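The values are calculated or read from the model by the stated rules, or taken from the named source; none is laboratory data. Predicted model, so just to flag it, every value in this text is computed and none were measured. Neighbour counts run over all protein chains shown; Cβ positions are idealised from the backbone, glycine included. Areas reflect the complete protein model, heavy atoms only, side chains present, ligands, DNA and RNA absent. Shrake-Rupley method; radii C 1.70, N 1.55, O 1.52, S 1.80 Å.
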Amino acid sequence: MIYQTDIYTDKANISDVYSEMAVKIHGAVMKAIPQDYCKKMHTPSYHPFSIFVVPVENDFIIRVSALCDEAKIIPETLSQKKSLKIYGMKNPLKILKFESAEPLDAEKCYNYISEKGCSITFITPATIKTKGRFSAVPDISAYFYSTVCKYNEFEKEKISYDEFKEAFSCAVLEEYRLESVKYNVSGNIISGMTGYCRIMFPKDEEQNILLRKVIAYASYSGIGGKTSMGMGGIVVQDIQ
């Protein structure tokens, strides 16, 4: 199963927080969860959750997603908190409320996306490595490579990224607007891509389901790298 919780915070002064807020939230999460699981989370290539943070005036909405039953302890732990101590903030970040979505079976999550197509909004900067460096190349399908890897790891499947890429090339990219922006990870400035696209799915049934499955899963896993530190957060909406 996959899990998702939205956390709404009170107004906060972040003038002395010299990094992206989600990076600091990541640090607060690592301190809040049981330390034996925290150690496991530092295992290379083990990425069972994602976070992204959206500022709303001086408030924040924090979206936390868990990609397996073991990782649901992260949103569960945060749901028990009344505040989070954020490095650089004088006062703790007060939590106002939580909203948790119903747990989903990842295998069936594609049913929540129209067979016709969808729009994808890249809420927080998405990044991938090219030639050993983080970059914001305007190749939308490339950002889903990590999503396919996570799906295969946690759902014990063998989805082919090459097949996903082929299916994506058969879709129609009706509209898009992409922008390169910078993202601050504790002083390390990373290039990332934001924007949106409107995609019409191919009629071939296998390709249609494959695209919907990976894109739906990406709304939990995030896309690209650094998803546990706030990068690669997306929102998917059906085309009306």
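Just the ratio, please: alpha-carbon radius of gyration of the chain over 2.2 N^0.38 Å, N its number of residues.
Numbers: Rg = 17.5 Å, N = 240, 2.2 N^0.38 = 17.7 Å.
Relative to the 2.2 N^0.38 Å estimate, the chain comes out at 0.99.
I need the Debye-formula profile for the stretch 97-240: one equal scatterer per C-alpha, no solvent, reported as log10 I(q)/I(0) at q = 0.09, 0.14, 0.22 1/Å, two decimals.
Once normalised to I(0) and log-transformed, intensities are -0.26, -0.64, -1.49.
Return the inverse of the average 1/r over all pairs of distinct C-alpha atoms in the stretch 39-147, which is the Kirkwood hydrodynamic radius, in Å to one decimal.
Numbers: mean 1/r = 0.0583 Å⁻¹.
Computed over the stretch 39-147, the radius equals 17.2 Å.
Residue by residue through the stretch 183-192, which ³J(HN,Hα) values in whole Hz follow from phi under the Karplus form 6.51 cos²θ - 1.76 cosθ + 1.60 (θ = phi - 60°), with glycine and proline marked x?
9, 9, 10, 6, x, 8, 8, 10, 7, x
Two-decimal Rg/Rh of the stretch 1-83 from alpha-carbon positions, Kirkwood Rh? Present the calculation step by step, with values, prior to reporting the outcome.
Details: Rg = 13.0 Å, Rh = 13.5 Å.
Radius of gyration relative to Kirkwood radius: 0.97.
In debye, nearest 20: dipole of the chain around its Cα centre with unit charges on the Cβ of K, R (+) and D, E (-)? Display every interim value, and only then the final one.
Details: 29 positive and 29 negative charges, 224 e Å.
Magnitude of the dipole: close to 1080 debye.
Less than 16 Å from a label point 7 Å out along the Cα-to-Cβ axis of Thr121: which backbone N atoms in the stretch 41-68 qualify, by residue?
52-57, 60-63
Compute the accessible area per residue over the chain, keeping the other protein chains in place, probe 1.4 Å, unit Å².
Numbers: 12470 Å² over 240 residues.
That works out to 52 Å² for each residue.
For the stretch 144-185 and the stretch 1-44, what is the separation of their C-alpha centers, rounded to whole Å?
Distance between centres, Cα-based: 24 Å.
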